[in-house]
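Enquirer: Supplied in structure tokens, the structure appears directly below.
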Amino acid sequence: MSDSPIIGGGAMLQPTPFHRRTAALNLVNAWERWQGHTTVTTFLSPEDEYFATRTAASLYDVSPMLKYRIAGPDAEAMLDRLMTRDVTKLKPGRALYGPWCDGRGRVIEEGTLFRESAASFRLNAAEPQLFWLEDCAYGFDVTVEEVTDAIAGLALQGPLAKRVLEDIGLGEAARLPFFGLGRFGFEGGEIEISRTGFTGDLGFELWIAPERAETLWDRLMAVADRHYLRPMGSQALNTLRIEAGHILINVEYVGANHALRESQMRTPDDLGLGWAVDPKKPGYFNGRRAIEAERAAGGPRRRLVGLDIEGRKPAHAAYLYAGRREVGQVTSACWSPVLKRNIALATVEAGYAEPGRKLKADVYYVKEVTQGRVEAAATVVEPRFYQPAHRRG
Amino acid sequence: MKRYDAIVVGAGHNGLTAAAYLARAGLSVMVLERRDRIGGAAVSEERHAGFLYSSCSYVCSLLRAEIMRDLELSKHGLRIIPYENSATIARNGDSIAFFHDPAKTRRSIARHSRRDADAYAEFNRDIYRQCRMIRPLLLETPPDPTSVRLKDLKGLRKLQKAFAQLGEDGLAQAMQFWTMSCGDFLDRYFESDLLKGSLAGNSIIGTALGPYSPGSAYVLLHHVMGDLDGHVGAWGFAVGGMGAISQALAAAAQEHGAEIRTAAEVEQLIVRNGRVEGVALVGGEEVLGTRVVSNLDVKRTYLKLAPRKELPTDFLEAVESFKIRGSSGKLNIALDRLPEFPALRDEPLLKRGGILISESMEYLERGYDDWKNGQWSREPFLDITVPTHYDPTMAPPGKHYMSVFVQYVPPTLADGPWTPEKRDAFGKTVLDTIELYSPGFRDLILDCWVRTPWDLENEVGLTEGNIFHGELTLDQLLFNRPIPGYAQYRGPLGGLYMCGSSTHPGGGVMGAPGANAARELLHDAGVRRAA
């Protein structure tokens with residue numbers, strides 16, 4: 001990819017395998033960095049890209065996502081010890097989402113684990129994990145390999161995603177179950193497809209060898225206009241994922257292996273990921289005793305919640321008050337175009353986290369060249385704001 | 001005869017910092033400098049026509065922003081420009097580079113080891129944690145842990161809070177940093193020899209320790225705890241060379257009324273009834289002052305200037321055994337044009353930052369073995385910078401000034417003291433080393449000024465040529481620096497203060513010892529608030 005006009009060799013930012021295609025369509029020339037890669041902020045209109053996802057389908061380049069292959073006779077055992085969920089129950093051809101913790105039960109990261117076969121898994125992560133995975137693999141008969149650059153990734157998300165797949169000859173993949181995973185023939189080669197995504201909508205993630213990435217892109221874009229299929233940038237994705245209540249590392253929390261301050265680390269229960277901890281699974285997993293101790297002591301000190309906020313001004317980084325007491329802070333906020341509601345994800349003290357609790361949000365907003373401030377009523381709600389039934393269908 | 005409120009002995013950057021703070025608070029201040037120029041080891045010197053050399057210290061990171069602000073150093077002409085990157089080049093043509101941008105650094109390290117690239121993020125996290133704890137302590141007088149004075153108790157409480165916010169992991173790491181060898185510390189994270197060599201370089205600069213000597217991990221921290229424009233561990237160039245720092249400090253001091261005399265060597269302190277009353281210059285002239293601040297290192301201050309009979313014997317013993325061992329040399333080179341480094345051919349911008357020659361920790365340890373045997377490293381660690389990339393005023397157009405810091409170089413050699421011939425042979429070793437990484441380099445040299453620890457001692461006045469005024473090991477840090485019981489910038493003699501890098505928090509062109517000493521003096525003088 002060194003023939004890119006904007007990126008030279010050496011230690012500069014890397015183009016993704018889709019770069020030549022996304023660059024041609026990036027009409028507003030809006031780029032940002034993601035794990036050392038250039039990725040698109042928006043192609044033309046974040047609103048259009050957003051609505052394509054909620055009403056039809058969109059393509060989002062997820063190639064910079066870090067990917068690790070964990071394979072070998074002990075892969076299942078090693079991953080079961082790594083993750084808080086029961087990996088032994090994950091069948092080949094299925095994926096699961098969940099966190100992994102350090103020894104004190106603090107979340108290092110959360111991500112999707114794909115079981116490609118009985119003895120081979122792929123773990124997707126947003127932050128580098130090789131150091132931790134290799135340490136966790138000690139004593140297990142497994143190999144851990146970073147395969148980030150060997151796999152290009154494209155998220156096809158939206159209620160019409162199945163039709164798009166059918167239209168390019170991947171009808172079999174369109175029938176994958178929720179969190180299903182399979183390999184399919186495509187254009188004289190193979191493609192791996194999972195029924196996963198980050199938008200909270202129906203959708204798939206397509207995994208393909210980088211040298212075939214442009215072929216995949218071209219096949220999809222050739223049918224784009226028949227399905228209101230739009231390439232999407234990160235700006236639209238952020239609104240989608242907040243609506244879905246999906247947390248983001250370095251926004252909702254800092255990974256325990258990178259946090260400077262212990263006070264910034266979070267347990268799974270802090271983050272509302274208690275459902276993804278399986279205390280009934282046998283044996284030890286990293287963080288087990290600490291998580292159990294926290295639960296025995298009455299649960300986490302704070303919780304991630306959703307907020308339904310009055311007015312139209314997104315409550316970016318707003319402090320939250322119960323009366324005059326400061327009880328938390330917003331981590332992500334947006335106006336939800338599908339719900340027509342002002343929503344946010346926030347961390348609040350556990351005593352103020354029950355759904356229905358009324359708080360005040362101290363919202364600052366841009367008032368031409370000054371800063372305006374408003375105290376808005378905020379109601380604690382479940383963070384999964386938008387969960388359409390067709391998501392699992 | 002005029003009696004000054006304070007006499008500062010030595011116009012190094014810390015002496016000038018102290019003088020500026022004292023004058024700013026309204027004291028009458030006289031600075032006396034032995035040499036014909038101010039600046040001590042923060043000097044710019046024109047030795048070859050048209051070229052300005054940062055002849056001793058050469059880069060800046062640790063100079064406290066508080067001092068820049070208090071003394072309005074930018075008004076007095078000081079500009080410090082961070083350089084974006086540094087690279088370690090290997091003899092096999094490979095390289096590893098460090099950028100302000102973590103994504104770029106990660107990619108550079110990943111070429112050697114993906115695992116190390118990940119581990120580097122955690123290593124950095126651990127470094128930052130320690131920096132966050134240490135940095136607020138730099139401009140504080142170290143509290144005396146045996147004292148129950150309110151001031152010390154407050155200081156200790158602050159220290160305890162700093163420890164507490166580290167958490168258990170961070171506190172354990174602090175102990176590791178202060179006591180472990182850099183080698184053992186880096187081995188916990190990394191596997192790549194070149195990466196470990198790159199990082200270990202920071203643990204040996206200016207230090208008579210090897211990368212596997214206990215205590216060397218702290219030296220690494222000392223070199224990365226600075227920050228420039230928000231980049232932790234970033235280093236920069238002073239426009240006009242390091243002398244620009246001293247010139248700006250001197251201008252600030254003079255603006256507030258301080259007098260500065262050069263070619264005024266102090267021969268001894270005048271002491272009456274256990275109290276310093278002034279100084280006697282070489283030639284017999286006396287300058288009287290209520291208080292005297294010594295910018296010299298602790299050995300020169302108490303073993304040369306102060307009358308021994310006025311000092312407690314156990315104190316003198318402690319001063320005599322203070323570790324201050326020379327281990328560094330310096331080459332200042334005028335170049336006809338930029339040299340080529342084949343290892344950096346794909347990344348020409350890397351030539352603008354620091355270039356390290358530090359193949360591995362073993363390479364460094366072997367270099368240290370030579371030092372122990374009374375020989376300069378036959379394969380030395382080199383820290384090369386070409387400040388004229390950023391500051392073209394330091395050389396004629398198209399020409400360049402290269403600063404080469406060399407580790408290890410002993411203060412005396414196994415076969416006797418330094419001679420001009422031996423100095424030339426040492427210079428040749430360094431140039432031969434550079435030539436290995438930059439074929440044709442020698443042909444570009446217009447002038448080469450070789451400086452050994454002996455030169456640093458005899459010209460600049462650094463005992464044994466130690467650039468930090470004493471080793472930065474835990475036994476000589478915080479409330480033990482320089483002498484246990486005398487860490488608060490005062491000694492046994494009334495009215496005598498120390499403001500050089502022998503005192504907390506040590507060397508590195510921070511200015512913090514000077515600022516801290518001035519604050520203590522002003523406290524004693526009953527001056528509550530600086531102007």
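Enquirer: Sort through B:LEU269, B:LEU249 and tell me the only one that's among the aliphatic types (A, V, I, L, M) and in contact with a Ser or Thr (Cβ under 6 Å, 6 or more places away or on another chain).
Expert: Sole residue among the options that is among the aliphatic types (A, V, I, L, M) and in contact with a Ser or Thr (Cβ under 6 Å, 6 or more places away or on another chain): B:LEU249.
Enquirer: Of the conditions (1) surrounded by fewer than 18 Cβ atoms within 10 Å (Cβ to Cβ); (2) in contact with a Ser or Thr (Cβ under 6 Å, 6 or more places away or on another chain); (3) of a type in the set (A, V, I, L, M), B:LEU349 fails just one. Which one is it?
Expert: Answer for B:LEU349: the failing condition is (2).
Enquirer: Select from the stretch B:298-330 the residues that are closer than 21 Å to B:ALA517 by Cα, assigned to a loop (DSSP other than H, G, I, E, B) and not β-branched (Val, Ile, Thr) and list them in ascending order.
Expert: Result: B:ALA306, B:LEU311, B:PHE322.
Enquirer: Please enumerate the residues belonging to the stretch A:109-167 that are within 14 Å of chain B (Cβ to nearest Cβ), in contact with an Asp or Glu (Cβ under 7 Å, 6 or more places away or on another chain) and either acidic (Asp, Glu) or part of a strand (DSSP E or B) (or both).
Expert: Within the stretch A:109-167, A:GLU109, A:ALA125, A:GLU127, A:VAL144 qualify.
Enquirer: Out of the stretch B:95-106, which residues are facing another protein chain (nearest Cβ under 9 Å) and either touching a strand residue (DSSP E or B) at 6+ places or on another chain (Cβ under 7 Å) or at positive phi (or both)?
Expert: B:ALA97, B:PHE99, B:ALA103, B:THR105 - these are the residues of the stretch B:95-106 that are facing another protein chain (nearest Cβ under 9 Å) and either touching a strand residue (DSSP E or B) at 6+ places or on another chain (Cβ under 7 Å) or at positive phi (or both).
Enquirer: Moving on. Within the stretch B:480-493, is there a residue that is among the basic types (Lys, Arg), in contact with a Gly (Cβ under 8 Å, 6 or more places away or on another chain) and closer than 22 Å to B:GLU320 by Cβ?
Expert: yes
Enquirer: Taking helices (runs of 4 or more DSSP H) that do not extend beyond the stretch B:53-168, which have at least 2 residues that are under 25 Å from the mean Cα position of the chain (by Cα)?
Expert: Those helices (runs of 4 or more DSSP H) span B:65-70, B:114-138.
Enquirer: Tally up the residues in the stretch A:294-305 that are part of a helix (DSSP H, G or I) and either open to solvent by less than 40 Å² (accessible area, probe 1.4 Å) or touching a Pro at 6+ places or on another chain (Cβ under 9 Å) (or both), please.
Expert: 2
Enquirer: Still on this structure, please answer the following. Among the residues of the stretch A:259-275, what is the count of those that are in a loop (DSSP other than H, G, I, E, B) and either surrounded by fewer than 22 Cβ atoms within 10 Å (Cβ to Cβ) or away from chain B (no Cβ under 14 Å) (or both)?
Expert: 11
Enquirer: Which pairs do you get when a residue that is farther than 18 Å from B:GLU359 by Cβ, found in the stretch B:180-192, comes within reach of a residue that is among the charged types (D, E, K, R), reach meaning Cβ atoms under 8 angstrom, with the pair 6+ apart or on two chains?
Expert: If the second residue must be among the charged types (D, E, K, R), the pairs left are B:TYR189/B:ASP116; B:TYR189/B:GLU122.
Enquirer: Please go through (1) of a type in the set (Asp, Glu); (2) closer than 26 Å to B:PHE315 by Cβ; (3) surrounded by fewer than 20 Cβ atoms within 10 Å (Cβ to Cβ) for B:GLU464 and return the number of the only condition it doesn't satisfy.
Expert: So the condition that B:GLU464 fails would be (3).
Enquirer: Okay, next question. Just one of the numbered conditions (1) assigned by TED's automatic domain parsing to the domain that holds A:TRP31; (2) free of Cβ contacts under 8 Å to residues at least 60 places away in the same chain; (3) in contact with a helix residue (DSSP H, G or I) (Cβ under 7 Å, 6 or more places away or on another chain); (4) not aromatic (Phe, Trp, Tyr) is not true of A:GLU214; which one?
Expert: It is condition (2) that A:GLU214 fails.
Enquirer: Count, please, the residues in the stretch A:9-34 that happen to be crowded, with 20+ Cβ neighbours inside 10 Å and touching a Leu at 6+ places or on another chain (Cβ under 8 Å).
Expert: Of the residues in the stretch A:9-34, 1 are crowded, with 20+ Cβ neighbours inside 10 Å and touching a Leu at 6+ places or on another chain (Cβ under 8 Å).
Enquirer: Would it be correct to say that B:GLY506 is part of a loop (DSSP other than H, G, I, E, B), out of contact with any Asp or Glu (no Cβ under 8 Å at 6 or more places or on another chain) and modelled with pLDDT under 95?
Expert: When the stated conditions are applied, B:GLY506 passes them.
Enquirer: Can you pull out the residues in the stretch B:113-168 that are away from chain A (no Cβ under 13 Å), open to solvent by 40 Å² or more (accessible area, probe 1.4 Å) and more than 23 Å from B:ASP227 (Cα to Cα)?
Expert: Scanning the stretch B:113-168 gives B:ASP144, B:PRO145, B:THR146, B:VAL148, B:ARG149, B:LEU150, B:LYS151, B:LEU153, B:LYS154, B:LEU156, B:ARG157, B:GLN160.
Enquirer: Something else now. Scan the stretch B:65-85 residue by residue and report those that are open to solvent by less than 50 Å² (accessible area, probe 1.4 Å) and either among the charged types (D, E, K, R) or on the phi > 0 side of the Ramachandran plot (or both).
Expert: B:ASP70, B:GLY77 - these are the residues of the stretch B:65-85 that are open to solvent by less than 50 Å² (accessible area, probe 1.4 Å) and either among the charged types (D, E, K, R) or on the phi > 0 side of the Ramachandran plot (or both).
A quick yes/no check of all residues on (1) among the hydrophobic types (A, V, I, L, M, F, W, C); (2) in contact (Cβ under 8 Å) with a residue 60 or more places away in the chain; (3) part of a loop (DSSP other than H, G, I, E, B):
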{"residue": "A:LYS280", "(1), (2), (3)": "no, yes, yes"}
{"residue": "A:GLU292", "(1), (2), (3)": "no, no, no"}
{"residue": "A:LEU307", "(1), (2), (3)": "yes, yes, no"}
{"residue": "A:LYS313", "(1), (2), (3)": "no, yes, yes"}
{"residue": "A:TYR321", "(1), (2), (3)": "no, no, no"}
{"residue": "A:TYR365", "(1), (2), (3)": "no, no, no"}
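Enquirer: Moving on. For the stretch B:301-319, indicate whether the set of residues that are outside the structural domain of B:GLU471 (by TED's automatic domain parsing), open to solvent by 10 Å² or more (accessible area, probe 1.4 Å) and out of contact with any strand residue (DSSP E or B) (no Cβ under 8 Å at 6 or more places or on another chain) is non-empty.
Expert: no
Enquirer: Take the residues in the stretch A:81-94 that are part of a loop (DSSP other than H, G, I, E, B) and more than 17 Å from A:GLY111 (Cβ to Cβ); name whichever of them is most open to solvent (accessible area, probe 1.4 Å).
Expert: It comes out as A:LYS91.
Enquirer: Across the stretch A:35-50, what is the number of residues that are away from chain B (no Cβ under 14 Å), touching a Leu at 6+ places or on another chain (Cβ under 6 Å) and not hydrophobic (A, V, I, L, M, F, W, C)?
Expert: 0
Enquirer: Inspect all residues belonging to the stretch A:327-338 and state whether any of them is within 30 Å of A:SER45 (Cβ to Cβ), surrounded by fewer than 18 Cβ atoms within 10 Å (Cβ to Cβ), touching a Pro at 6+ places or on another chain (Cβ under 9 Å) and among the aromatic types (Phe, Trp, Tyr).
Expert: yes
Enquirer: Follow-up question, since we're still on this one. When only residues in the stretch A:276-290 that are among the hydrophobic types (A, V, I, L, M, F, W, C) and in contact with a helix residue (DSSP H, G or I) (Cβ under 9 Å, 6 or more places away or on another chain) count, which is farthest from the other protein chains (Cβ to nearest Cβ)?
Expert: A:VAL277
Enquirer: While we're on this one: I want to confirm something. Restricting to the stretch A:215-250 and keeping residues that are touching a Phe, Trp or Tyr at 6+ places or on another chain (Cβ under 7 Å) and assigned to a helix (DSSP H, G or I), which single residue is surrounded by the most Cβ atoms within 10 Å (Cβ to Cβ)?
Expert: Out of the qualifying residues, it is A:LEU240.
The values are calculated or read from the model by the stated rules, or taken from the named source; none is laboratory data. Computed from a predicted structure; not experimentally measured. Backbone-built Cβ (ideal geometry, glycine too); neighbour counts: all protein chains shown. Remember, those area values only see protein heavy atoms, side chains included, never the ligands or the DNA or RNA. Shrake-Rupley method; radii C 1.70, N 1.55, O 1.52, S 1.80 Å.
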